Every structure is written in structure tokens, then in C-alpha cells.
Amino acid sequence: MTLWQLLGSFPTIIPGIFLAILLVYWLFSIIGLVDLGDNLELDSGDGAADVHLHTDAHAESTDLHSLASYLVALGLGGVPLSIVLTLLVFFTWLLSALIHKYLLQMLGSDVLRYLAGAMVLLLSAACSIRLSALAIKPLRPLFVKHHARSNHSLTGLSCMITTLSVDEKFGRAEVKDTGVNLNIRVWAKTPNHLRKKSIAVILSYDETKQRYEVAALDKDSSN
């Protein structure tokens, strides 16, 4: 059996068609016609399935969450759905092609070959789940999203004043957030005792003026 006969006959042709469609999709992604970041992503970071996709249809969203739950349970979460589908189809195609070449073509009856081919297709699809899960595991760190803290999340933290004084109109301070020193705009009610290197506490964030209200940190409360 030639390569083209193998690829064009049952059962190899079934996953082969889907693989060809996915190859076209990846070609469009490479040339920029499709954005990989826009497709469904399965997040399994906290052990629960989370689907990231903008949709307005409640029924569609429910179906997607159900799909995500199944895939995450099978170890296929943490990467975009396009990668999951590509790996599943590729391994199904590869396994069915190998079994087809070395086993199915030995069967003499066409009916027997089609029955065995259907079983091979199901077996290849089942085995592809495990192989895809193994292939996805080293890829997960590439798709980890680091979410920056919001401005309001700094409320309650202590900061060090970096300007000579702080009043209602002017002031700067430095605050440590997740190991990084941030220089922020601050203000405080006057009179106050805030000077350079004074320790203050962040009280609130003003969205309009994009600055933080601070107050002197009571030394007694910090002990």
C-alpha cells in the first residue's frame, strides 16, 4: 500500500480530514489572519475548570464550561483549545495510520477491514487522550497568565515617603508590591508630620486624580 492509498482510505482518512483543517487554521494563525489568543482557553490552575471566552449566549457558555470540565478532568487543561484539538487529532491520525499500515491491510475481507477500522479509530482516539495529556504537560508554563494587582489592592499597605513633604496637592511614595518597589503619587491632609523616609499607610485610591491618600503610620501600631 502506497502512502497516498494509506492516507486516503478508511480509517486514516477520517482524522486526516480534521488534521488538514487544523493545519489550515495554524497557517492562518502564522500569517496573522487568526489570533491564537482569541480562542477558548482551558484553565486548570486551581483544580477547577475555568473557560476564558467572550460569549453572550448563556446556553453556549454552559456547554463550553461542561466541555472544559471534561477536558480538564482528562488532563487536557491549561492551554488553548486549539492546541488540545490539534494534539488529539494528530495522535489519532498517527496511531490509526500505523495500525492501518501494519495490521489492517492484512485482512482480506472489505467488511472485516471496515469493522476493524472502526475499532481502530475508537482505540486511536482513546489513546490520543493520554498522549495529548503527556504532550500538554510541559506546555502549560508557556500559557500561565500573571495578573497584575489593581490600584485599589495597595490600600492598607505601608509606604515610604520619597518627597520632602506631602500635602493635598503633591507627594510621592515608594511601596513594595510582590517584591517590586513601586513609586506612586500620594497626598495627605495637612497639617501632618510626613517627611522624606517617613512611613505612611495607604488609605484609599482616587480614580479621578490617580493618586493615593496616605496618613502617617502610628509607630506604636507597627510594633
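Rule-based calculations on the coordinates, nothing more; no lab input. Just so it is clear, the structure is predicted and the values come from calculations on it, not from any experiment. Please note: Cβ atoms are built from the backbone with ideal geometry, for glycine as well, and neighbour counts cover all protein chains shown.
Descriptive notes on the structure:
- Going from the residue with the fewest nearby Cβ atoms within 10 Å to the one with the most, C159, C127 rank C127, C159.
- Prolate/oblate/rounded call for region 151-222, Cα gyration tensor, a/c under 1.5 rounded: rounded
- Between L203 and A126, the simple spin-label model (points 7 angstrom out along Cα→Cβ) gives 6.8 nm.
- Each of T2, T155 has some number of other Cβ atoms within 10 Å of its Cβ, and from fewest to most they run T2, T155.
- Counting every other Cβ atom within 10 Å of each residue's Cβ, V84, V166, V201 order from fewest to most as V201, V84, V166.
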